[in-house]
Amino acid sequence: MQAIRLARQQVALRPLTTAAHASVSPTAAPSQSAIPLSNVEAQWERMSKSDQALVHRQLEELQRKDWKQLSIDEKKAAYYVAFGPHGPRAPVSPPGQGLKVVFATSGLIGVAAMIYFTIRSFAPPPPKTLNREWEEASNERAREAKLNPITGISSEGYSGKGFVTHK
């Protein structure tokens, strides 16, 4: 367990720029500080834009090397900077927002249902023409008047319901 802690401390202290990287990139400004890669995920939001750009450029340089030579922290940092939940990939809504939306939508549907049934309770009864007997009488009247004799209710072999819509 002690060996893991020591290894973790060594990895945490390892700067972003390695000796090989520093010799390859002499164009880097001496004022730029080496940012440790040990936990870029936690540090990223607190970094200034210039530090984020510096880390991004340095990781681009590191990724040009053989990936087998990169440490696990360098690979994790490269993945986080490329695909992490920041910038355009940042979550749009905070955690728990979906539950609020569900409750608000359910509440609005409930209010709409209450309004609907309240208005319906004050409505007059349906007209007398909306019952089964009236619709059957309308069918008989249509047959007597030979309404639509080719394909409709007055045609030979007609088996439809006609004007009857109630069960």
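The values are calculated or read from the model by the stated rules, or taken from the named source; none is laboratory data. Being a predicted model, the structure only gives us computed values, none of them experimental. For neighbour counting, all protein chains shown are included, and Cβ atoms are generated from backbone atoms with ideal geometry for every residue, glycine included. Each accessible area value is taken on the protein alone, full model and side chains, heavy atoms only, with ligands, DNA and RNA left out. Shrake-Rupley method; radii C 1.70, N 1.55, O 1.52, S 1.80 Å.
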> Tell me, in nm to one decimal, what length is gained between Met47 and Phe122 on full extension, where the rule is 0.36 nm per residue of separation less the Cα-Cα distance?
Replying inline: 20.6 nm
> Carbon-plus-sulfur fraction of the accessible area of region 99-167, 1.4 Å probe, in percent?
Replying inline: 66
>> Taking the Kirkwood radius as the inverse of the mean 1/r across Cα pairs, report the Rg/Rh of region 38-142.
In response: 1.58
>> Give me a comma-separated list of calculated 3J(HN,Hα) values for region 48-59, in order, Karplus coefficients 6.51, -1.76, 1.60 applied at θ = phi - 60°, integers in Hz, x for any Gly or Pro.
In response: 6, 4, 5, 5, 4, 5, 4, 4, 4, 5, 5, 5
> Assuming R0 = 35 Å, what is the FRET efficiency of Ile115 and Lys161, from their Cβ-Cβ distance, to the nearest 0.05?
Replying inline: 0.55
> Arg57 to Tyr79: extension gain in nm, 0.36 nm per residue of separation minus the Cα-Cα distance?
Replying inline: 6.6 nm
> What are the lysines whose alpha-carbon lies under 22 Å from the alpha-carbon of Lys75, with same-chain residues fewer than 8 places away excluded?
Replying inline: Lys49, Lys65
